[in-house]
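The values are calculated or read from the model by the stated rules, or taken from the named source; none is laboratory data. The shown structure was predicted, so the numbers you read here are calculated from the model rather than taken from an experiment. Every residue, glycine among them, receives a Cβ derived from its backbone with ideal geometry; neighbour counts consider all protein chains shown. Ligands, DNA and RNA are stripped out before the accessible areas are found, and what is left, the full protein with its side chains, is counted by its heavy atoms. Shrake-Rupley method; radii C 1.70, N 1.55, O 1.52, S 1.80 Å.
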Amino acid sequence: MAAALPALLLGAGLLAAAWRWLRGAARPVRGGSMRGKTVIITGANSGLGRAAAAELLRMRARVIMGCRDRARAERAAREIRAEVGEREDGAGELVVRELDLASLRSVRAFCHRVLQEESRLDVLINNAGIFQCPYMKTEDGFEMQFGVNHLGHFLLTNLLLGLLKNSAPSRIVVVSSKLYKYGEINFEDLNSEISYNKSFCYSRSKLANILFARELARRLEGTGVTVNSLHPGIVRTNLGRHVNIPLLAKPLFNLVSWAFFKTPLEGAQTSIYLASSPDVEGVSGKYFGDCREEELLPKAMDDLVARKLWDISEVMVGLLKLCPVKLLASVSNVSKWPHFAVVLALARCGQKMLDMMVSHSDSVVYYILSKLQALAISQLSLHT
């Protein structure tokens with residue numbers, strides 16, 4: 001058996017090489033010129049985001065790299081500038097800005113700076129993500145994958161909507177994954193405190209991306225801002241750094257990934273296409289793969305779930321700042337929301353009563369109710 005292993009690896013290597021040769025190199029998207037346009041890409045210091053940043057810079061866009069690690073982002077920016085080369089006409093620019101999607105405070109600070117410094121925003125690419133990490137929480141107490149992949153981008157996009165509308169026609173591109181198929185939006189445990197499965201939670205966050213994109217597209221009809229989601233395919237990036245591969249299996253895995261996984265440039269082609277191609281001018285609310293529109297499973301087209309997810313996300317990131325009466329009137333399908341009918345009563349109750357009334361509720365509902373209680377108390381104090 002041991003003697004046959006080298007021959008097996010050699011045969012697999014030859015097969016892999018033949019497959020790569022037949023598949024060919026990445027064919028860059030023929031997008032329109034991006035001269036004079038400003039693009040924000042989250043997670044642009046590596047993988048898909050880095051590849052997209054380089055290609056859009058080649059198209060002469062002003063690219064803002066929103067990255068958590070500023071030092072790594074600056075290093076990536078220097079490398080990209082060296083690859084692309086200087087433009088004689090001065091068109092195209094690469095700018096690094098600090099953005100940690102695991103911190104709502106960081107998201108707000110990033111958006112505040114963008115709104116102060118940028119006169120326009122033509123494309124927002126929600127690209128950054130975390131994949132199958134051990135259970136951990138964001139700075140604000142959210143499960144990390146749901147917090148970064150969905151909630152961080154949800155807040156970011158909403159805070160930049162005004163600038164996008166003023167720059168219309170403009171585009172929002174949401175990077176999801178085919179793995180959304182294995183996810184479910186469980187409103188009883190959005191924060192994964194009852195149970196946590198890292199694969200399921202990643203899939204759920206990617207399903208949330210698609211539902212968010214579709215609901216946002218519906219809300220932006222007629223504004224000149226389009227929203228589309230995509231899957232990049234299976235790509236060789238550092239996104240899988242939390243996935244444990246047995247030491248003995250690594251050589252075979254590396255060979256398979258080299259042969260059959262896309263390069264970051266290949267994986268970024270659909271993002272680049274949706275950001276720049278005149279072919280999708282005015283197209284919104286769709287889902288793409290390999291630069292073509294693809295069908296979604298019914299659960300990714302459930303408008304009621306999408307609206308409910310939007311409503312609960314607004315509260316979780318602190319966007320909803322209405323008095324309790326207006327809040328109850330604004331939430332769609334209020335009767336289906338657990339405990340919202342008692343929000344005003346809770347405002348007059350102490351913490352002990354709050355604990356009693358939600359003792360059988362999930363942690364996310366508890367989180368929302370505690371926030372709403374504080375909001376209701378502050379609002380009631382203004383009118384009493």
**Report entry** Sites Arg81 and Arg35 - FRET efficiency at Förster radius 22 Å, r taken between beta-carbons, to 0.05
**Finding:** 0.80
Query raised in the report: For Arg292 and Glu184, FRET efficiency with R0 = 35 Å and r from the beta-carbon atoms, rounded to 0.05?
Result: 0.85
Requested in this report: Can you find, among Val95, Ala109, Ala73, the residue farthest towards the positive end of the dipole of region 50-116? Put +1 on the C-beta of Lys and Arg, -1 on that of Asp and Glu.
Outcome: Ala109
Requested in this report: Report the label-to-label distance for Glu74 and Glu221 in nanometres (one decimal), using points 7 Å from each Cα along the Cα→Cβ vector.
Outcome: 4.8 nm
**Report entry** Radius, Kirkwood style, for region 104-146 when every pair of distinct Cα atoms is counted (Å)
**Finding:** 12.7 Å
Report summary line: Per-residue accessible area, 1.4 Å probe, largest first, puts Ile80, Ile185 in the order Ile185, Ile80
Query raised in the report: If packing is taken as the mean number of other Cβ atoms within 10 Å per residue, what is the order of 194-207, 141-154, highest first?
Result: 141-154, 194-207
Query - Rh (Kirkwood; distinct C-alpha pairs) - region 26-149, Å - result: 15.1 Å
Requested in this report: Would you tell me the accessible area of Glu79, worked out with a 1.4 angstrom probe on the heavy atoms of the protein chains, in Å² to the nearest 10?
Outcome: 90 Å²
Query raised in the report: Of Thr42, Thr263, Thr223, which has the most accessible area and how do the rest follow, probe 1.4 Å?
Result: Thr223, Thr263, Thr42
Query raised in the report: Using a simple charge model, +1 on the beta-carbon of Lys and Arg, -1 on the beta-carbon of Asp and Glu, nothing else, what dipole does region 31-110 show about its Cα centre, in debye to the nearest 20?
Result: 240 debye
Query raised in the report: When all C-alpha to C-alpha distances in region 34-87 are sorted into bins of 10 Å, what percent of pairs does each bin hold, rounded to whole numbers?
Result: 27, 61, 12
